[in-house]
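Structure record follows, encoded as structure tokens.
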Amino acid sequence: MPSHSIPTPEAGPAPGTVGSSRVVILPSPLLGPASYLPLAGILRERGLATVVASLPAGEVMPGGVLHTFGAVIDHHAATVLVAHSNAGYYAPALATARDLPVVFMDAALPAPGVAETRLAPAAFAEFIETLPLTDGLLPPWPSWWDRADVAPLFPDDDWLDRVTREAPRLPPEYFTTPLPVPPGWEARPAAYLGFGDTYAAELTLAEGLGWVVRRDAGHHLAHLAEPDRVADLLLALLDALATPR
């Protein structure tokens with residue numbers, strides 16, 4: 001099935017096409033909500049009621065994340081989800097239960113046809129096993145690499161420090177606890193926005209499934225580094241999802 005690519009937008013879609021959307025951004029549980037706030041603010045300025053989902057208070061584990069994300073979606077009366085990175089594993093269950101479309105933004109995807117998924121592919125899980133633990137918890141995500149290597153993903157040192165402070169310290173069991181995947185989720189309305197080649201396999205899968213797909217040259221935290229530009233990309237994808245094909 002061919003994918004449906006869209007051109008690079010010069011501006012947001014025409015007024016009224018997606019203006020009634022109520023968007024919930026599902027943050028990666030590895031990052032926490034902070035880095036998504038600028039993007040949410042810009043989407044609100046463009047007329048879309050947008051919130052960033054919170055994470056569970058206390059220990060962050062898959063069941064708690066699924067429950068907390070679901071509560072935010074229901075409270076906000078969401079009409080569309082935007083799932084980034086590790087949050088992509090949660091979106092199928094949340095969207096299927098509520099009959100919502102999803103924009104996967106440089107996000108992980110469960111394999112089609114599986115009944116459950118772990119929250120890290122095998123190679124990444126092996127890397128996680130090499131990280132040091134303190135009181136049984138992993139370091140915050142930005143500290144998994146040398147600061148000089150991760151700093152280019154952030155607009156400045158202040159943002160790097162803020163996200164590092166607010167990122168949850170996950171137990172290793174977070175990545176080995178299975179998460180349910182509903183049957184047929186991949187046939188539901190969805191779009192994929194990929195930055196660079198971090199999720200090259202997921203982009204290829206999305207194209208093969210016939211989703212609306214946009215390949216972009218930005219990096220994994222482009223939503224923080226270039227929130228205006230990413231907002232334009234998301235608006236175009238939302239408009240494409242809302243247009244009958």
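Among what's in the range 207-245 and is touching a helix residue (DSSP H, G or I) at 6+ places or on another chain (Cβ under 8 Å) and part of a loop (DSSP other than H, G, I, E, B), pick the residue that is surrounded by the most Cβ atoms within 10 Å (Cβ to Cβ). In this case the residue turns out to be LEU221. Here is the figure for the range 71-100: residues that are over 17 Å from GLU116 (Cβ atoms) and either small (Gly, Ala, Ser) or not in a helix (DSSP H, G or I) (or both) total 12.
Residue-level check: of (1) surrounded by fewer than 19 Cβ atoms within 10 Å (Cβ to Cβ); (2) under 18 Å from the mean Cα position of the chain (by Cα); (3) of a type outside the set (Asp, Glu); (4) not in a helix (DSSP H, G or I), THR204 misses just (4).
If the condition is being open to solvent by less than 50 Å² (accessible area, probe 1.4 Å) and without any contact (Cβ under 8 Å) to a residue 24 or more places away in the chain, then the range 112-131 contributes only LEU131. In the set LEU37, LEU43, LEU81, only one residue is modelled with pLDDT of 95 or more, open to solvent by 60 Å² or more (accessible area, probe 1.4 Å) and of a type in the set (A, V, I, L, M, F, W, C); that residue is LEU37.
The values are calculated or read from the model by the stated rules, or taken from the named source; none is laboratory data. Values in this document were obtained by computation on a predicted structure and should not be read as measured data. Reconstructed Cβ throughout: ideal geometry from the backbone, glycine too, with neighbour counts over all protein chains shown. Just so you know, the surface numbers come from the protein's heavy atoms only, side chains and all, with ligands and any DNA or RNA stripped out. Shrake-Rupley method; radii C 1.70, N 1.55, O 1.52, S 1.80 Å.
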